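First up is the structure itself, then whatever we jot down about it.
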Amino acid sequence: MPKRILQGVVVSDKNDKTIVVRVERRFTHPMMKKTVRRTKKYHAHDEANSAKTGDIVRIEECRPMSRSKTWALVVE
């Protein structure tokens, strides 16, 4: 099965080798028929500490690195 890849904005890079990425998804509300925006934060592994706050990055699923980190930064 292929690994999922998400795109989002880095909201925190204060931890060593870890970034927090805010991913937004949009969908149509089933009853109201309006577009709704929902966001979720993911902790991702950043081996080189290359991503900074405000950067738009891509993250992919990986093995669990810690209790909260199961995503890794895609180096482009």
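Just a yes or no: is a residue in region 33-50 over 22 Å from Val75 (Cβ atoms), over 14 Å from the mean Cα position of the chain (by Cα) and surrounded by 10 or more Cβ atoms within 10 Å (Cβ to Cβ)?
Yes, region 33-50 has at least one match.
Can you name every residue in region 25-67 that is over 26 Å from Met1 (Cα atoms), touching a residue at least 12 places away in the same chain (Cβ under 8 Å) and among the hydroxyl-bearing types (Ser, Thr, Tyr)?
Hits for region 25-67 are Ser50, Thr53.
Pull up region 51-74, narrow it to residues that are assigned to a strand (DSSP E or B) and β-branched (Val, Ile, Thr), then point me to the one that is surrounded by the fewest Cβ atoms within 10 Å (Cβ to Cβ).
Ile56
For region 1-32, enumerate the residues that are of a type in the set (A, V, I, L, M) and either surrounded by 11 or more Cβ atoms within 10 Å (Cβ to Cβ) or in contact with a Cys (Cβ under 7 Å, 6 or more places away or on another chain) (or both).
Residues of region 1-32 of a type in the set (A, V, I, L, M): 1, 5-6, 9-11, 19-21, 23, 31-32.
Those that are of a type in the set (A, V, I, L, M) and either surrounded by 11 or more Cβ atoms within 10 Å (Cβ to Cβ) or in contact with a Cys (Cβ under 7 Å, 6 or more places away or on another chain) (or both): Ile5, Leu6, Val9, Val10, Val11, Ile19, Val20, Val21, Val23.
All of the numbers you see were taken from the coordinates with simple rules; none came from a lab. Note that the structure is a prediction, hence the values are computed from the model and not measured. Neighbour counts are summed over all protein chains in view; Cβ atoms, including those assigned to glycine, are modelled from backbone coordinates with ideal geometry.
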